[in-house]
Amino acid sequence: MTELARSPRELRYAYNTNGLTSHRLSDALSLLADTGYAGVALTLDVVHLDPFAPDALAQAEKTRARCDELGLGVVVETGARYLLDPRGKHEPTLVTPDAAGRARRLAYLRLACDLAEVLGAEAVSFWAGVPRPGVDRDEAWGWVVDGVRALVDSHGGRSYALAVEPEPGMLVEDCDGWARLAEEAPGITLALDTGHCVVAGAYEPQEAVAAFAAHLGTVAVEGMRRGVHDHLPLDEGDVDLPAVLRALRDVGYERLVTLELSRDGHRAHEMVPRAIATLREAERA
């Protein structure tokens, strides 16, 4: 895949709203634009553009207009913790044993895609889910393939990328798992969280960028310690950030590079500027 390399260009950075949960969405967007970000990774959630609100489409139109004013691109994220079940984190998923639960997740992903279209998003990111204890993994694999195929059938080919994110501990937990899914459910791209590569997977983050360059629908960066799934500030952990950014430039990656610090919303006023400063320093390195 080295033939894909193009002339380096400036990378575009976005910050995830799940790390801005104490801010109104309008205030969060202004903060990001004023701090130098090129986009926002918008996690649809009860605090920011609730997709199940009666006026969700109108909110999306208003948000798109504001992002256009501020010059912000958009990635739609679907990993809200309690959006579908207030008593079950991230449930139901595409690998939930109950067929009705899987259907609810699929319906939500289709709704997220409709909102992404209104928002002018460049990607919609989603994941497979964690199989419950006792669930046969081969059976669960069939469920996720069926769900992803159904989503591609109804929403593939639009202006945004349908990007599946491998998550440590989930049924699709690394890049090789994504590649297997992509073979069985064509039409998806890879939502590569480079920090996850030091937790699960056979690739160093920069190696994953190079190996899967042709398939990248969206990319995330953060600090992460080897073997520990804990999102950290960019200047902490074991990820070689300069190497990751250099790899993205080398392959000519043009979409938003997002940052997720969902546990740091209480200090977003510090983390938002700290992160962009760390990214610019890593670029120079």
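The values are calculated or read from the model by the stated rules, or taken from the named source; none is laboratory data. Computed from a predicted model, the values in this text were never measured in an experiment. Heads up, the Cβs are rebuilt from the backbone with ideal geometry, glycines too, and the neighbour counts pull from every protein chain shown. Surface accessibility is based on the protein's heavy atoms, side chains included, excluding ligands, DNA and RNA. Shrake-Rupley method; radii C 1.70, N 1.55, O 1.52, S 1.80 Å.
Considering region 119-139 alone, what residues qualify as being surrounded by 17 or more Cβ atoms within 10 Å (Cβ to Cβ) and part of a helix (DSSP H, G or I)?
So in region 119-139, the residues surrounded by 17 or more Cβ atoms within 10 Å (Cβ to Cβ) come out as 119, 121-131.
The answer is 119, and nothing else.
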Quiz item: Across region 231-248, what is the total count of residues that are open to solvent by 10 Å² or more (accessible area, probe 1.4 Å) and under 19 Å from residue 75 (Cβ atoms)?
Solution: 2
Quiz item: When you go through 191, 200, 208 one by one, which is the residue that is open to solvent by less than 50 Å² (accessible area, probe 1.4 Å) and within 14 Å of residue 126 (Cα to Cα)?
Solution: 191
Exercise. For region 214-230, enumerate the residues that are surrounded by fewer than 23 Cβ atoms within 10 Å (Cβ to Cβ) and more than 20 Å from residue 124 (Cβ to Cβ).
Key: 223, 225, 226, 227, 228, 229, 230
Quiz prompt | Residue tally, condition free of Cβ contacts under 8 Å to residues at least 40 places away in the same chain, surrounded by 20 or more Cβ atoms within 10 Å (Cβ to Cβ) and among the hydroxyl-bearing types (Ser, Thr, Tyr), over region 57-95 | solution = 1
Exercise. Just name the residue that is nearest to residue 123 (Cα to Cα) out of those in region 249-259 that are out of contact with any helix residue (DSSP H, G or I) (no Cβ under 9 Å at 6 or more places or on another chain) and buried (at least 22 other Cβ atoms within 10 Å of the Cβ).
Key: 256
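Give region 174-189 a look and list any residue that's of a type outside the set (Gly, Ala, Ser) and assigned to a helix (DSSP H, G or I), or say none. Spell out how you get there, then give the answer.
Of region 174-189, the ones of a type outside the set (Gly, Ala, Ser) are 174-176, 178, 180-181, 183-184, 186, 188-189.
Passing the criteria: 175, 176, 178, 180, 181, 183, 184.
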Quiz item: What pairs come up if the first residue lies in region 196-210 and is in contact (Cβ under 8 Å) with a residue 60 or more places away in the chain and at negative phi, the second is surrounded by fewer than 18 Cβ atoms within 10 Å (Cβ to Cβ) and of a type outside the set (Asp, Glu), and their beta carbons are under 8 Å apart, counting only those six or more places apart or on different chains?
Solution: 210/1; 210/2
Exercise. Go through region 250-279 and count every residue that is closer than 19 Å to residue 22 by Cβ, assigned to a loop (DSSP other than H, G, I, E, B) and out of contact with any Gly (no Cβ under 7 Å at 6 or more places or on another chain).
Key: 1
Quiz item: Which numbered condition trips up residue 192, out of (1) under 21 Å from residue 247 (Cβ atoms); (2) at pLDDT 95 or above; (3) not in a strand (DSSP E or B)?
Solution: (3)
Exercise. Output yes when any residue across region 36-44 is open to solvent by less than 30 Å² (accessible area, probe 1.4 Å), in a loop (DSSP other than H, G, I, E, B), closer than 27 Å to residue 89 by Cα and in contact (Cβ under 8 Å) with a residue 12 or more places away in the chain, and no when none is.
Key: yes
